[in-house]
Structure formats: C-alpha cells, structure tokens
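Only one structure is covered here, and it is reproduced in the block below.
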Amino acid sequence: MRFDTPATTNPIDQLKVIGQPTDRIDGPLKTTGLARYAYEQHDVVANQAYGYPVGATIAKGRITAMDLAAARRAPGVLTIVTAENAGKLVKGNFNTAKLLGGPEIEHYHQAIAVVVAETFEQARAAAALIAVDYAEEAGSFDLAAARDSAEKPEASDFGGPPDTSVGDFAGAFASAHARLDQTYTTPDQAHAMMEPHATLAAWEGDKLTLWTSNQMIAWGKADVARTLGIGKDKVRLISPFVGGGFGSKLFVRADALLAALGARASGRPVKVALPRPYTFNNTTHRPATIQRIRIGASAEGRITAIGHEGWSGDLPGGAPETAVNQTRLIYAGENRMTATRLAVLHLPEGNAMRAPGEAPGMMALELAMDEMAETLGLDPIAFRTLNETEVDPENPKRPFSQRQLVECYRIGAERFGWDRRRPHPRQVREGRWLVGMGMAAGFRNNLLATSGARVRLGEDGMVTVETDMTDIGTGTYTIVAQTAAEMMGVPLESVIVRLGDSSFPVSAGSGGQWGANNSTAGVYAACVKLREAVAQRLGFNSSDTVFAEGEVRSGNRSVPLAQAAASGALTGEDSIEYGDLAKTHQQSTFAAHFVEVGVDAFTAEVRVRRMLAVCAAGRILNPKSARSQVIGAMTMGVGAALMEELAVDKRRGFFVNHDLAGYEVPVHADIPHQEVVFLDEADPMSSPMKAKGVGELGICGVGAAVANAIYNASGTRVRHYPITLDKLIGGLPENV
Amino acid sequence: MRSFTYERAASPAEAAAAAARQAKAKFIAGGTNLLDLMKLEIETPGHLIDVNGLNLDTIEPTPEGGLRIGALVRNTDLAADPRIRRDYGVLSRALLAGASGQLRNRATTAGNLLQRTRCPYFYDTAQPCNKRKPGSGCSAIGGFSRHLAVMGTSEACIATNPSDMAVAMRVLDAAIETVKPDGAARTIPIAEFHRLPGETPHVENALEQGELITAVTLPKPAGGRHIYRKVRDRASYAFALVSVAAVIGRHGEGRFAVGGIAPKPWRMQAAEAELPRGAKAASAALLAGAKTTHDNAFKLSLVERTLGAVLHEARG
Ligand SMILES: Cc1cc2nc3c(=O)[nH]c(=O)nc-3n(C[C@H](O)[C@H](O)[C@H](O)COP(=O)(O)OP(=O)(O)OC[C@H]3O[C@@H](n4cnc5c(N)ncnc54)[C@H](O)[C@@H]3O)c2cc1C
Ligand code: SF4
C-alpha cells in the first residue's frame, strides 16, 4: 500500500480497540517466565553446546602470539575458533569494527576467540586459559584532546548534512543585543539493558538458524549472510523476545557470529551470551560529545542567531553523534548554522543509543535555552514560546505536519504548578533540601520506513499476524494485535501475533522510535488486503463492507467473519510504503518536561522529587504501553543527567566501569512519581494509523530539565554531564 | 572459574584445621563476594570449606553487658535484631544502607568484614593491580580513581574498603573473635583488624592462613545519638563515596568513623577531640596528610560536609 496522500477516515478511527489502555498480551508470559529469550531456547534443537568469548585486552595493536594449547586440553572443550581458523569473514555493513578481531585489534574486548565446550562452566574456565601476547600501539582515546583534529564527516541518511547554514549567522550573532556562547559536554554512555547480547546458532547442512536478541531482523539477516559469505536465503533469525536493546541490538554483534562459527566448527548447536563486562567494551555505546552553542537575541527575546557545533569521536570509518540536528528545527531564528565534526578515537565502537543525536543534543541545547532565558530576564517558557516556529526554519515552505509544543508547555506549566517556581535560584529551602524546578522542551523526529506484515484468517476464525517486527519490551505484540482486531472487527482474544522471525514479511523493525507507527501501518495494509479477500469470498462489495463484532456486514447482509474462512484460510499480505509526505512536511514529536529536584544543602546529593512529561506525538495507540515507554525514557534521562558515565582510561583506551556496579543507572529509590500526559492528536501525514513515536521523545530534554532544576535549586550551573555531587559541592552554602 | 573441591566443616576448629591443610583453601559463607570473584578468576581457591552449618548464627549477651554476634549471622538478621536496633542503632543503619535486601539475606557478619575492594581495576584481570597480582603495578594511580582512597594509601595501592558495616563496628569498638588451625582462640580489636596496604596491598587483614572468624563482640552500649550517613551517586544500591558512622553526645562530643576514604574504616582520637568545635575542625584533624587524586579530591570537602550533616542531625 502506498501512502502518499494524507490519511482520511479509516477503520482505525473507530478507536474501539486502538487507543485503549490494554494490558500487554505477552505480559503473562513474561511475568511467569514462559517467554523464551535467546539464551533460554533450551529445547528448540538438541545437543546444545556452550561458547564463551575471549576479548582482546588492548585497545589497539596486534596479536603476536596466541597459545590455545592449555585451553584445548581443558575438560569438555570441543573447539576453539579464532580469526586464524574461522575462514574468510567479511565485515557487516552495520559494523565499524570486525566482530572477530585478530591479528589486528581495533578496540578493547574486541572478540578474538570463542571456546566451545560441553558446559558453560567448562567453556568459561577454558577461555581463561588462553594466553595472548600483543604488540600494543598508541591510540587516541581522549575526545577533548582529539577535538582539534576532528574532520567533516560525510552526510548520512539519519544524520543529515555535516554543515548547515541560513542567513548570516556570524554577523547576526556579533550584533545581537544579548549573547550566549557556551560549551557543554556529555559523556560516553552504555545501553545497559538487562538481557545481554545472546544467540543460539544451529546449522542444518548449509542453512543457519540463529535464535538471537535483535531489534532489526532484516538488517541482521543480511549482515550475517554477508559476514559468513553465504546466501541470505540460507540464514534465518528468530528473535521473539528482546530483553531491552536501546539501540545496542540494532546490529548483529559478536554473540551471533561467535555462535555461528562455533556451531560450524563443532558440528553442534552453540549458544553464546556476552558476559556482562563485554556488553560495555565489546559492543557499541553512545559516544561522548562536546557541544558549543551560540545564541543571539533581541532585547525582547527573539532569537536572531542560533548556532550549534558538535564534536564526537569513533573508530576509523565510524560515524558521528549528530547532536546538532534538533537545533535545525526546533526554534525560529533567521540566521543559523550547525556543524558536526568527527574525530578518530580508538575506543569501542560508538553507535546509536535511544534517541541518538537528540538525546545528548537536547541535553545541551535546552540547558543553553535556560541560560539564555535568564540572561534576557524571561521565564524559560515565555522565551521558548516567543521563538516558536510553525515551519522548518531552514526551509519555511515546509510546515510541520503537527506542532503542539506551546500547548505542551501550557498544560505542563498548569499541571506542574510552574507559577510557584522562583525565577532566581536558591530561594527555596525545605529542611536540608534546596528545592528547585526546571523545564525543557522535548523534541524528536518521526521517521517513516517501509513495513510489511501477513495476516491470516483461519478456519477457526482466529486472526494471525506475522511480521519480522520485534518487541523489545515496548509493547509491539499488543499494539499489533490491537491494530488487527480493530481492522478485522474481532476482539483482541481472537488475534495471535507472531514476531521477530525472518521468515515473516520484513518490517521497519524497532529503532529510532519508528517501530510503532510503521509496523502497525504495515499490519493495517495487510488487513486491508485480507478484508478485500474476505469480501470477495463472501461476494460482498468491498467498498461498503463493515467489519465489526466478529461479523462482516454489507447492506442488510451480515455474516460471521469465520464463515469467510470456512472453506479454507484467507491471507492478506502487504507493506506500507511512503511517498513524499515526509519531504513536504516536517514530522516531529514534541514534549514539555518538568522536573522538581532537591539538592542536599550539606552533601550536594540530588534527588528528583517530581517529574511530568506532556507529549504531543500523534495518535497514542495504547496509552498504557506508551506511558511505560515515556516513564522508562524519563528514567533514562535522569540517569543521563545525574549518574551515567562510562569512565575512559585515557592511557589504555577502555571503559573502566564495565559492570552494573560501576556503571550506575537509576534504581527505584531515585525515581519519584512520574506523570505523563498525551495531548489528543492524530497526524494524518504520518500513516493511516495517524501515530508517531514516543519511545525516544520521552528521553529528549529530560536531562536538561533536571539540570535546569538543579540550577534553580542550588544556583550552580553545571554544563558537563553527569551532574554528580562533586560538581555542585563547591557552590553550596557554608557548612554549619 | 577454576575447578575446586568442597567440604562442609563440622566445627569451627575443624574448619580452621581443614583450611590449614590446603594451601589454596578458603572459607565460604554467604558467597555473595567470593563467588563473584571466583567467576572472574580474581579469587582462585582450590578448595572451599563451607562454614554455613557451624551454628555460628546467634546473637548472645556477653557478661560485660555487650553482645556477641556469631560470624554467620546474616546482615538482615543483625540489622533487625531488637537489641541492635535499640542499643547499637548506628550498626543497624549501616547494614541497611548496604547492598540490597536479597544480598543482605545471604551476606554474613564475617563475610562482610572480609569483602574485598571495589576498585574497578581490581575487577579487570587484564589490568595491572598490586592487590590482585603483587608486583604488577597499580592501574588506579593515574587512572580512574573517583571512588578510591585519600587516607592510608601507599604508592602500591589506593583502594578503599567498601564495607558499611565495618565503619559502624569501628565506631562501636567491636572486636573480632577467631580460632586458629591449632585450635587457639584470640580476639582482635577492629582497629587492628584491617591492614593498610604499604608494600603489600594483597594482605588486607590480621588473619593468618586458616584462621576462622567465629564472632564479633560489641562492648556495652554507648549512649548518644547513633547516626549513619552514607553519601553516594544514587539513592540506593551503591557503595559509599563517603560515609560517616557516629555516636554523638548532648554537647556535640562523641566519636565518629568515616568510610569510603581509606583501606579501612577511618577513625582518629584527635579528630574526635575536635568534634565539639564542629565539622570543619574535626574533619581537618581527621584528614591531615590526605593524598588525593584529580578524581577524588572532592572527598575532602564531602567528608567535612557529611560530618556537618551528621552533627546537624544529632542536634535536631
Ligand atoms: C551487588 C552488590 C552490592 C553490594 N553493596 C554493598 C554495600 O553497599 N555496602 C556493603 O557494605 N557491602 C555491599 N556489598 C557486599 C556485601 O556486603 C558482601 O558481599 C557480603 O557482606 C559478604 O558476605 P558473605 O557472607 O556473602 O561472604 P563470602 O562471599 O562468603 O565471603 C567473603 C570472604 O570472607 C571469607 N569468610 C567468610 N566467612 C568467614 C569466616 N567465618 N572466617 C574467615 N573468613 C571468612 C571468605 O573466605 C571470603 O574471602 C555488595 C555486594 C554486591 C554483590
Ligand atoms: S588501587 Fe589497589 S586494588 Fe586498585 S588497581 Fe591499584 S593496587 Fe589494585
């Protein structure tokens, strides 16, 4: 189905099932432990063996010798695969560094071997017996030091052009009434999902099946085939449940390749899970950024010049963190520029993590906006509202498809009691706590991608949806079922959803908050096909056929839906494909984030006391799962603001705090009651579902709202995340 | 993890004797620290002696009016004991500030005293670490040292002792009772139990090979406000950046020990003498001669300010 004109009224608009706060249909499986994650596929194939990875212990250089003898002799060992005996491997299109390194080493904990044994314990013990000698080389591990060597990267699909410029930024900035010129930094961050990367691989002749944990099945299938040099038709990926990914599982990682190689070499199915420390240095992370922001404004507070420059680093051949992108779109201003620069760093591979670009970009921009509002003597909401735009500021002929950002501010301010905020910092003290409020805009683009599905009406009247779309804990199973139920006029219980299998039609996959809108639109398209098939078989005129309450109705005829399949199941298969609506209209999602914090007047410990997000993000397909997405993202935003930082050892080039004790993320005690409001909205430009993403919107801006609240509470402006107590302690009132 | 043999000891003396028979033997109690370290091959015992069945899990009054805490009393049970809560509140609070409910259900009194440092380089067997591999060097010096020590360190090691419980026990003047492989019992004051690193950071305490902790005794209760204040980067489930255990009298006098800044709970009489003059004076005395790194210099003002919070709470 081509989608190239705005959606009109369609069956989804009935909102009998869609839009309802339905419980997760896979919830019972998860709460009872019956949902099988990759490493738990104990009975899908017999005779499973265990692989344990060995990671490089230098960041850059070469292996000069590798002694496998002791490991080979260890009890239970079946085989050891290294680059030397793995056969020819081609780097995946989505990988910057090789998944199996050696003799050249590209980063710390790059996999250099997998030991396969009868038991997990045997494989692990034998892996520790492998002795490796290296010729270590000096590398570049410090972004601040490498900043001046950074170069202009190539334009990319997701990242856009490295440079943008409108009007005369330099002139307008120089002559502005009020000016801000500040530099902000965000650290490297880890996805830190609960389920580590894990895969069970089994060969049947030349065919490979991988039970894995992956967000993007079709990308993964293609890269597995490419890496192993086999046909795509020989590879099957199965990933029904994913225990969190946040971008870390967008691509095939070492677990999958090592399992496949181990299985090929041992002639046994092999499973590999990355040990927790490897999830930090072996896989990808969100790269650190340095961001310079300049804003010039008139006396009344109109932005006349806005510039945002971002620096990040990656391995050679890698890509930048595009932290400047939202600044191209979010505020008005005649003169503008952005620039993205990329330095070479020999740290592990940088890549997408929940809201790549906007998450760190908004942490800086929205902090700068708070500073500028203060300079101008304006309320932060008033300043933002003054600089609202209805069109793409770089291209005023392109309106936003929907933009209710000011409404988000208004409702949020009212609900949160923003009028109680003291404009000057450090005015409120409650016992030992200095209390303050902060806000920030939330902004994240809505991305469109082709997505397919197959829907079958069985002889028993059950509707089965199959798509390679994944549920990474987001609620995909449920919204896909809701879509099919709405379209086919059946109750939710009559829908079966099967996901994450590369033998199903290719979907948009889960990433970039594009999963919900695109995958359900694909299901919509397939259901339209199925409805046509049903109408045809029943001899109905398909244009006026209504599907409701388990019946198909046309004129004064009414037939139970199941009857259409009585003589054999019916199938509808289709994809949603997008025309130019995203080119003619800018599609984005918006939020206003409000936070109240307490800063301990003695110790500078920060505790978040209240949080509110007001979101305008198209139709909300399921308010319950959407709320879960947003509160999860708000929690991650608090982590980014207050504690998350991969500590770089700049001498040896690795992340030192490579476990969940050292890399702290928020715990329950850190998170107060969180309130989420969704504005009533339907965006006819986005898809027949009229929905957009929310899963990343929820994190964009939260960190700055926390930072702004900390400033309002304590009077200390911290521009370098995370805002740990050591950065605040010097500015506190004198100890008693 | 390396293969190991395993036995259950029948009595404390037999456990100690068994441990002396094998060079690489270790006791295992709750296992919450030892097993983690074994999985990473930071600890590689060849033989484990399980001490869980030794009936060392009761809390009894002593003739001197104190309490004798069995080595196997779980952290949860110790924190919840009514006598501990009434008379040794600082200990109960310190325990509850540590780890998580599940871990405290398992963790024992002796195991907690002997838990090893959380220095991140100690946890990565590919990195030089004098404590893990004597003579290999110290990666933390010049590396990531935000959590590490500012007092009592050496050129060889700047690790901290991560225990919360031990800080409270230090302020309470606890003593550690042991039995040696030859059956001899002795009592070690907690002040002398943990060792400073010097040239030998792998030697962390006064125990001899095979020596088993049987109990920890507390002297009779000290009056005053019992306060434990733990400061960390998140609200729960994290080790202390700095912690203060204190028992403070009516006029601001009293005792205090500080955690998170040294290889052992840090307490000094000279600093306690300054307490009535306030946190600044007391922490200045405590921290005289501090050696900081770029990453952990903030701990000096954090100690002063945390002590300030404690004294404020004691007055309130
Ligand atoms: C995720 C996590 C978070 C944590 N957070 C904190 C925290 O915030 N604060 C804190 O204080 N602690 C914390 N801990 C540490 C925890 O308190 C210790 O792991 C626990 O107290 C160890 O007790 P155990 O009985 O399990 O010891 P084990 O692991 O069984 O043993 C530890 C050591 O003691 C030796 N040993 C045990 N019993 C005896 C005995 N009777 N005589 C001689 N030697 C003996 C063993 O041989 C071993 O060397 C945390 C641990 C984890 C895993
Ligand atoms: S501080 Fe101590 S534990 Fe840490 S690396 Fe140095 S020697 Fe090892």
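The values are calculated or read from the model by the stated rules, or taken from the named source; none is laboratory data. Source: prediction; values computed, not measured. No Cβ is skipped: glycine too gets one built from the backbone with ideal geometry, and neighbour counts run over all protein chains shown. Side chains included, ligands, DNA and RNA excluded: accessible areas come from the protein's heavy atoms. Shrake-Rupley method; radii C 1.70, N 1.55, O 1.52, S 1.80 Å.
May I ask you to list the residues in segment A:12-37 that are assigned to a helix (DSSP H, G or I) and open to solvent by 30 Å² or more (accessible area, probe 1.4 Å)? Once the filter is applied, which keeps residues that are assigned to a helix (DSSP H, G or I) and open to solvent by 30 Å² or more (accessible area, probe 1.4 Å), segment A:12-37 yields A:ASP13, A:GLN14, A:PRO28, A:LEU29, A:LYS30, A:THR31.
For (1) open to solvent by 10 Å² or more (accessible area, probe 1.4 Å); (2) within 23 Å of the chain's Cα centre (by Cα); (3) at pLDDT below 95, each residue gets a yes or a no:
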position	(1), (2), (3)
A:GLY572	no, no, no
A:THR584	yes, no, no
A:GLN587	no, yes, no
A:HIS593	no, yes, no
A:VAL597	no, no, no
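Of the strands (runs of 3 or more DSSP E) contained entirely in segment B:216-316, those carrying at least 3 residues that are open to solvent by less than 10 Å² (accessible area, probe 1.4 Å) fall at B:242-248, B:254-259. Filtered by the rule that a residue be within 14 Å of chain A (Cβ to nearest Cβ) and open to solvent by 30 Å² or more (accessible area, probe 1.4 Å), segment B:7-52 gives B:THR32, B:LEU35, B:ASP36, B:LYS39, B:LEU40, B:GLU41, B:THR44, B:GLY46. The listed residues are B:GLU192, B:GLU199, B:GLU208, B:GLU204, and the only one of them that is within 16 Å of ligand 2 (Cβ to nearest atom), surrounded by fewer than 17 Cβ atoms within 10 Å (Cβ to Cβ) and not small (Gly, Ala, Ser) turns out to be B:GLU199.
When the test is whether a residue is within 16 Å of ligand 2 (Cβ to nearest atom) and either closer than 22 Å to B:LEU78 by Cβ or surrounded by 23 or more Cβ atoms within 10 Å (Cβ to Cβ) (or both), B:THR187 does not pass it. Checked against the criterion of being among the aliphatic types (A, V, I, L, M) and not in a loop (DSSP other than H, G, I, E, B), the candidates A:VAL114, A:VAL90 yield just one match: A:VAL114.
Is it fair to say B:GLY98 is within 14 Å of chain A (Cβ to nearest Cβ) and near ligand 1 (Cβ under 10 Å from one of its atoms)? Before you say what the answer is, go through the steps one by one.
Details: within 14 Å of chain A (Cβ to nearest Cβ): yes; near ligand 1 (Cβ under 10 Å from one of its atoms): yes.
Criteria met by B:GLY98.
Among the residues of segment A:323-341, what is the count of those that are closer than 30 Å to A:ARG652 by Cβ and either without any contact (Cβ under 8 Å) to a residue 60 or more places away in the chain or crowded, with 24+ Cβ neighbours inside 10 Å (or both)? The number of residues fulfilling the criteria is 2.
Contact map, segment A:54-73: first residue in contact (Cβ under 8 Å) with a residue 24 or more places away in the chain and of a type in the set (S, T, N, Q), second residue in a strand (DSSP E or B) and open to solvent by 10 Å² or more (accessible area, probe 1.4 Å), Cβ cut-off under 6 Å, separation 6 or more or different chains; pairs are A:THR64/A:ASP133; A:THR64/A:ALA135.
Of everything in segment A:355-393, what is part of a loop (DSSP other than H, G, I, E, B), among the acidic types (Asp, Glu) and touching a strand residue (DSSP E or B) at 6+ places or on another chain (Cβ under 9 Å)? Give them in sequence order.
Answer for segment A:355-393, where residues must be part of a loop (DSSP other than H, G, I, E, B), among the acidic types (Asp, Glu) and touching a strand residue (DSSP E or B) at 6+ places or on another chain (Cβ under 9 Å): A:GLU390, A:ASP392.
Going by the structure shown, is B:GLN127 open to solvent by 20 Å² or more (accessible area, probe 1.4 Å) and modelled with pLDDT of 95 or more? For B:GLN127, the condition - open to solvent by 20 Å² or more (accessible area, probe 1.4 Å) and modelled with pLDDT of 95 or more - is not met. Figure legend. Inter-residue proximity from segment B:101-116: first residues within 14 Å of chain A (Cβ to nearest Cβ) and in contact (Cβ under 8 Å) with a residue 60 or more places away in the chain, second residues within 6 Å of ligand 1 (Cβ to nearest atom) and open to solvent by 30 Å² or more (accessible area, probe 1.4 Å), beta-carbon distance below 8 Å, spacing 6+ or different chains. Indicated pairs: B:LEU103/B:THR32.
Of the residues making up segment A:609-663, those that are more than 10 Å from chain B (Cβ to nearest Cβ), closer than 30 Å to B:GLY142 by Cα and not in a loop (DSSP other than H, G, I, E, B) are A:ALA640, A:ALA641.
Scanning segment A:49-72 for residues that are open to solvent by 30 Å² or more (accessible area, probe 1.4 Å) and away from every other protein chain (no Cβ under 14 Å) turns up A:LYS60, A:ARG62, A:THR64, A:ALA65, A:MET66, A:ASP67, A:ALA69, A:ARG72.
When you check B:ALA175 against the structure, is it within 16 Å of ligand 1 (Cβ to nearest atom), over 21 Å from B:VAL258 (Cβ atoms) and either open to solvent by 10 Å² or more (accessible area, probe 1.4 Å) or within 13 Å of another protein chain (Cβ to nearest Cβ) (or both), yes or no?
Values: within 16 Å of ligand 1 (Cβ to nearest atom): yes; over 21 Å from B:VAL258 (Cβ atoms): no; either open to solvent by 10 Å² or more (accessible area, probe 1.4 Å) or within 13 Å of another protein chain (Cβ to nearest Cβ) (or both): yes.
No: the conditions fail for B:ALA175.
As a summary of the residue check, B:ASN55 satisfies the conditions (1) surrounded by 17 or more Cβ atoms within 10 Å (Cβ to Cβ); (2) over 21 Å from the mean Cα position of the chain (by Cα); (3) not hydrophobic (A, V, I, L, M, F, W, C) except for the one numbered (1).
The number of residues in segment A:394-410 that are more than 24 Å from A:LEU612 (Cβ to Cβ) and in a strand (DSSP E or B) comes to 1.
Number of residues in segment A:224-240 that are open to solvent by 20 Å² or more (accessible area, probe 1.4 Å) and not small (Gly, Ala, Ser): the value is 8. When you check B:PRO134 against the structure, is it open to solvent by 30 Å² or more (accessible area, probe 1.4 Å), in contact with a His (Cβ under 7 Å, 6 or more places away or on another chain) and either more than 10 Å from ligand 1 (Cβ to nearest atom) or in contact (Cβ under 8 Å) with a residue 60 or more places away in the chain (or both), yes or no? Answer is yes for this residue.
If you scan segment B:26-43, which residues turn out to be part of a loop (DSSP other than H, G, I, E, B) and near ligand 1 (Cβ under 8 Å from one of its atoms)? B:ALA29, B:GLY30, B:GLY31, B:THR32, B:ASN33, B:GLU43, listed by residue number. Take A:VAL694 and decide whether it is of a type in the set (Val, Ile, Thr), at negative phi and modelled with pLDDT under 95. So A:VAL694 fails the test. Please verify whether B:PRO189 is closer than 30 Å to B:ILE248 by Cβ and free of Cβ contacts under 8 Å to residues at least 24 places away in the same chain, treating the condition exactly as stated. In short, yes.
Listed by first and then second residue, the pairs linking a residue in segment B:211-227 that is within 16 Å of ligand 2 (Cβ to nearest atom) to a residue that is among the aliphatic types (A, V, I, L, M) and open to solvent by 20 Å² or more (accessible area, probe 1.4 Å), with Cβ atoms under 6 Å apart and 6 or more places separating them unless they lie on different chains, form an empty list. Residues in segment A:342-369 that are of a type in the set (Asp, Glu) and farther than 10 Å from A:GLY313 by Cα: A:GLU358, A:GLU366. Here segment B:60-82 is the region considered, the condition is being away from ligand 1 (no atom under 15 Å from the Cβ), surrounded by 16 or more Cβ atoms within 10 Å (Cβ to Cβ) and closer than 14 Å to B:LYS220 by Cα, and the residue that is nearest to the other protein chains (Cβ to nearest Cβ) is B:LEU67.
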